[in-house]
Amino acid sequence: HADVPANWPRSLRDTLCTLDADLVQTADFERGRTEVVPWISPELLRIEGERLRRLGDAEAAERSMRAGLAMADEQGARSLSLRCAMSLADLLADVGSRGPAIDVLAPVYEAFTEGFGTADLQAASCLLKRLA
């Protein structure tokens, strides 16, 4: 996996982590849980959930994704709420919980009034259609 040079400023590293999940390291997840950097915390928790999912720990993945979603909602960070909701809905659907998956994603998606050409909103729309 890729590494950000240690001499790069932390703020640049934080920004790059939101753009490339492979740059996130284990210590970054702890920073996300403790909200050391509130603006990145929901995304770090979502990424942690995705990693836990790939490792086969669906329960821990769900906890992390739900924490990220709650944090994003609390911050009013709708884009991050959408990303967290998509990851959580996809996970729930994979374990056979289509209804709860829709219940998680639909209200977040429906709160948007513009930007439907963006990649995340298009992906959310496709996921909702797949879940229906």
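Every read-out reported here was derived from the displayed coordinates using simple, explicitly stated rules and does not represent laboratory data. Quick caveat: nothing in here was measured; it's all calculated off a predicted structure. Backbone-built Cβ (ideal geometry, glycine too); neighbour counts: all protein chains shown.
Annotations for the structure displayed:
- Using C-alpha pairs under 8 Å with a sequence gap of at least 6, the mean separation divided by the residue count of region 56-132 gives a relative contact order of 26 percent.
- Ranked by how many other beta carbons lie within 10 Å on average, peptides 65-73, 116-124, 91-99, 41-49 from highest: 41-49, 65-73, 91-99, 116-124
- If the Kirkwood radius is taken over C-alpha pairs of region 42-88, then at 10 °C and 1.306 mPa s the Stokes-Einstein diffusion coefficient equals 161 µm²/s.
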